[in-house]
Amino acid sequence: MKAIIFDFDGTLANTLPICYYAFQNVFKEFDNKDLSSEEIKTMFGPSETGIIRENLVNSNKEHAIELYYKKYLENHSNLVKHNVEIDEMLKHLKDNGIKLGIVTGKARRSLDISLKALQMDNLFDVIITGDDVINPKPHPEGIIKALSLLGVRDNEAMFIGDSDADIQAGSEANVHTVGVQWLPDYQTLEFKIEPNSFFNSVNQFVDFINIGSRNEL
């Protein structure tokens, strides 16, 4: 295994609460709608800007996007906490020569806010955001692009995520798929598409990688 590519929200960081909070503020302010977390979750796929452009009734979409980022930034430290196990996992993988990537539907701007706040901004060899693809997950475009930039073949990589869209994208990109539910908030309660591997703890996954590297996973 030469490269491990991660989804971000709900996989590398418990950012779903801040996403819900920022979207709820936007839809309340501009459409006077009170949306639940579940209602917002059904919109996921495009980047945040794409979600607002596609779902907001109010025509003042650029101002709505700016409000989203304002709310995302101002409450990030309250709603998104460091996860020591994930920090240690990423360091362990990097120390063992594994290339690291992110393929996320998030826009680059919000991802940069989160990476900087969580001190993850210098860890990844490649980052593909929702701004960098034409087709968001579950389309495999982002993963295929990441593999190309990393210079690894599909059988040398895995993709880790917390949603059916992640698993479908990884499967269609012909990489080993890993479904996870190791953070307090994740997108899929039960995977409809079965991943190649599943973990509900970070340490389980690290053990799997360590064993796999000895057995040439």
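Every number here is computed from the coordinates shown, using simple stated rules; none is lab data. Being a predicted model, the structure only gives us computed values, none of them experimental. All Cβ positions, glycine included, derive from the backbone under ideal geometry; neighbour counts span all protein chains shown.
Quick notes on this structure:
- Two-decimal Rg/Rh across the chain, once Rg and the Kirkwood Rh are taken from alpha-carbon atoms: 0.97
- For LYS71, the lysines whose Cα falls under 27 Å of its own Cα, not counting residues fewer than eight places away in the same chain, are LYS28, LYS33, LYS41, LYS61, LYS81, LYS106, LYS116, LYS137.
- Legend: ranking of residues LEU73, LEU118 from fewest to most surrounding C-beta atoms inside 10 Å; resulting order LEU73, LEU118.
- Solvent-free Debye scattering, log10 I(q)/I(0), computed from the Cα coordinates of region 49-110 at q = 0.13, 0.18, 0.27 Å⁻¹: -0.56, -0.83, -1.14
- Relative contact order (%) - criterion: Cα under 8 Å, at least six apart; region: region 16-78: 44 percent
- Nearest-20 debye value, region 113-217 charge dipole, Cβ charges on Lys, Arg, Asp, Glu: 140 debye
- Cα gyration tensor, region 38-155 - rounded (a/c under 1.5), prolate or oblate: oblate
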